[in-house]
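The values are calculated or read from the model by the stated rules, or taken from the named source; none is laboratory data. From a predicted model like this one, the values you see are computed outputs, not experimental measurements. Cβ coordinates were reconstructed from backbone atoms using ideal geometry, including for glycine residues, and neighbour counts include every protein chain displayed. When the accessible area is computed, the model is the full protein with side chains, heavy atoms only, and any ligands, DNA or RNA have been set aside. Shrake-Rupley method; radii C 1.70, N 1.55, O 1.52, S 1.80 Å.
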Amino acid sequence: LSQQKALELLWNIKPGMRFLCYLPWHHSFGGLFERFFALHSGGCLAIDDSAGKNVDALLANFAEVKPHVYFSVPKVYQEIIGRVLGSEEIEHTFFHPELKFVFTAAAPLPLSISDIFKSKNVPVVEGWGLTETAPCCTLTDFFLERSPGVVGFPIPEVEVKLGAEDEILVRGPNVMRGYYKQPEATAAVKDEDGWFHTGDIGNITDAGLRILSRKDRIFKLDNGEKVFPTGIEESVSKRCKFIKYAYVFGKGQRAPMALLFPNYELLAAKSVSSLDKAACACPNCPETLSRCMQDCLREINQSSLTKFMRIDKAVLINKELSIENNELTPSFKLIPRNIEKIYKAYIDYLETGKGELPPNGYLMKTEG
């Protein structure tokens, strides 16, 4: 209820707005945030039977419902924009005149994707939070400019501050009372003053809170330099919308390395819309994408990353990640421990340089 009161104050939503909902209700983003927002605002909530997994069905439902506000995650937005760029009909279906704004969360939306929304004058609002915080803690505003990793300012009645090692702490009526019948687990993340320790590392900027990495994903190179992989991953997705996921690793190595996974919807597009302003070769298969990305990685290294953060080697894996294979969460975020387990052969190849590259992989080196 505190979340919905905050949204009421911030968004001034009128009754009667249409929502198209596919996000799973056992997950806090769909169940607590989108569903309750539609009900609290007196909206019309249509259930999307595509479940976010069938883009054809999703777009057909979108054409029928014509939602005023749309809640989704980066993976699905990437798939939708892949279709939009290849078809004027789909472009008109998705960017219909009554679409007021879209909301994204769970992971950073690549700027190359949000730039398409900007060109159509549709604001992209981003939120950040956790299940334990019901889930929203911060929101960006309706301005069309977005900054990588910036997730906005605290919503009304929610406090945010930085703790030890710049861990983000949250306090407010949205924070859970505790884990059910797990007092020790609760005490490990919630202190006596009510501050919840999120496990996210960040900093506070003039544009709002910026997320740098999950605490448990930070690693050190062999020279002791501390690497925040999320920032490197964002640099890749910001540059290339043909990459749907990037996973950076390299504990104890000389330099960071990466696994990259393609955006098949964009690769399959037969043409490129005038909405796409990027100066790109527009690859049409993973092999051509890997050749293109090798040059892009070199440019990313030189232009946006400090020396010890530069990607040394990467493998483009010709594979679609899925929830069913436990590679993605219900909100389509990578599950790091499972990625490292499932794609261990590729990681071992990059780290040791021994043996042969596993099937369906394309090696990219940034040196030379």
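A few comments on the model shown:
- The simple spin-label model puts a point 7 Å past each Cα toward its Cβ; for K226 and E159 those points are separated by 2.4 nm.
- Sorted peptide list for 289-302, 156-169, criterion being average Cβ within 10 angstrom, highest first: 289-302, 156-169
- Under 10 Å, Cβ to Cβ, from G252 - net charge with Lys/Arg +1 and Asp/Glu -1: +1
- Separation of alpha-carbon centers, region 282-326 and region 3-47, rounded to whole Å: 36
- 3J(HN,Hα) along region 123-136, derived from phi through the Karplus expression 6.51 cos²θ - 1.76 cosθ + 1.60 where θ = phi - 60°, amounts to x, 10, 9, 10, x, 9, x, 9, 4, 5, 10, 6, x, 7 Hz, with x in place of Gly and Pro.
- Surface accessible to a 1.4 Å probe, per residue, for the residues of the chain, Å²: 47
- Only protein heavy atoms count here; under a 1.4 Å probe, R210 has an accessible surface of about 70 Å².
- MRE, 222 nm, helices only [DSSP H, n ≥ 4, -39500 (n - 2.57), over the chain, to nearest 500]: -9000 deg cm²/dmol
- Computed magnitude of the charge dipole of region 1-135 (debye, nearest 20; Cβ of K, R +1, Cβ of D, E -1): 320
- For the chain, with +1 on Lys and Arg beta carbons and -1 on Asp and Glu, the positive-most of F242, L10, A255 along the dipole: A255
- Efficiency of FRET between T186 and K5 - r from beta-carbon atoms, R0 41 angstrom, step 0.05: 0.95
- Rounded to the nearest 20, the Cβ-based charge dipole of the chain about its Cα centre (Lys and Arg +1, Asp and Glu -1) stands at 360 debye.
- Cα-only Debye scattering, region 70-229: base-10 log of I(q)/I(0) at q = 0.11, 0.19 Å⁻¹: -0.53, -1.16
- Checking the Cα-Cα distances for K53/K118; K241/K341; K161/K244; K319/K344; K66/K120 against a 23 Å cut-off, the pairs over it are K53/K118; K241/K341; K161/K244.
- Under Karplus coefficients 6.51, -1.76 and 1.60, residue-wise ³J(HN,Hα) of region 349-355 in Hz, glycine/proline x: 4, 5, 6, 9, x, 10, x
- Backbone phi angles across region 93-100, fed through the Karplus curve with coefficients 6.51, -1.76 and 1.60 (θ = phi - 60°), yield HN-Hα couplings of 5, 6, 8, 6, x, 8, 6, 8 Hz in residue order; Gly and Pro are listed as x.
- Expressed as a whole percent, the accessible area of the chain that falls on carbon and sulfur atoms is 51 (1.4 Å probe).
- For the pair R177 and E98, the difference between a 0.36 nm per residue extended length and the Cα-Cα distance amounts to 24.5 nm.
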